[in-house]
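Here the structure is laid out as structure tokens; the discussion comes afterwards.
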């Protein structure tokens, strides 16, 4: 089975009660769908939960995960070993940086995991784009 790459889109205010379902979804992807590479953003609750679970699961499973930054780190920031910048982000105006980063992650991914409870906002928008690109989508409830 071909190795799968996964990305994530969810609301900034995703409730913490979502985390157990997220963990089970990640384990299923790793064990049953051959997911080995994960791209996640760094804004809001959903991204924080994903990062936490990937960090924990990387101790047990042979996976790689990357925190994809939307902005160039400042001199005071010390990104960790998992932080990356999408190619070309340095030329993107700040107000378009998150969209650019999200499109980059979506292009790199086979599977998209979402937590979307309303029909507006960035998470909803990128779920729609993923559907239009016929990505395999897993919606966490």
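The values are calculated or read from the model by the stated rules, or taken from the named source; none is laboratory data. If you're wondering where the values come from, they're calculated on a predicted model, not measured in any experiment. Here Cβ is always computed from backbone atoms with ideal geometry, including for glycine, and neighbour counts include all displayed protein chains.
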Please determine, by comparing only the residues of segment 1-17 that are under 18 Å from residue 111 (Cβ atoms) and outside any loop (DSSP other than H, G, I, E, B), which one is farthest from the chain's Cα centre (by Cα).
-> 4
Criterion violated by residue 64 - all others in (1) surrounded by 17 or more Cβ atoms within 10 Å (Cβ to Cβ); (2) touching a strand residue (DSSP E or B) at 6+ places or on another chain (Cβ under 8 Å); (3) free of Cβ contacts under 8 Å to residues at least 40 places away in the same chain; (4) closer than 27 Å to residue 141 by Cα satisfied = (1)
In segment 27-53, which residue that is part of a helix (DSSP H, G or I) and in contact (Cβ under 8 Å) with a residue 40 or more places away in the chain is farthest from residue 108 (Cα to Cα)?
-> 46
When every residue in segment 1-49 that is more than 15 Å from residue 115 (Cβ to Cβ) and modelled with pLDDT under 95 is compared, the one surrounded by the fewest Cβ atoms within 10 Å (Cβ to Cβ) is 1
Can we say residue 21 is assigned to a helix (DSSP H, G or I), on the phi < 0 side of the Ramachandran plot and in contact (Cβ under 8 Å) with a residue 24 or more places away in the chain?
-> yes
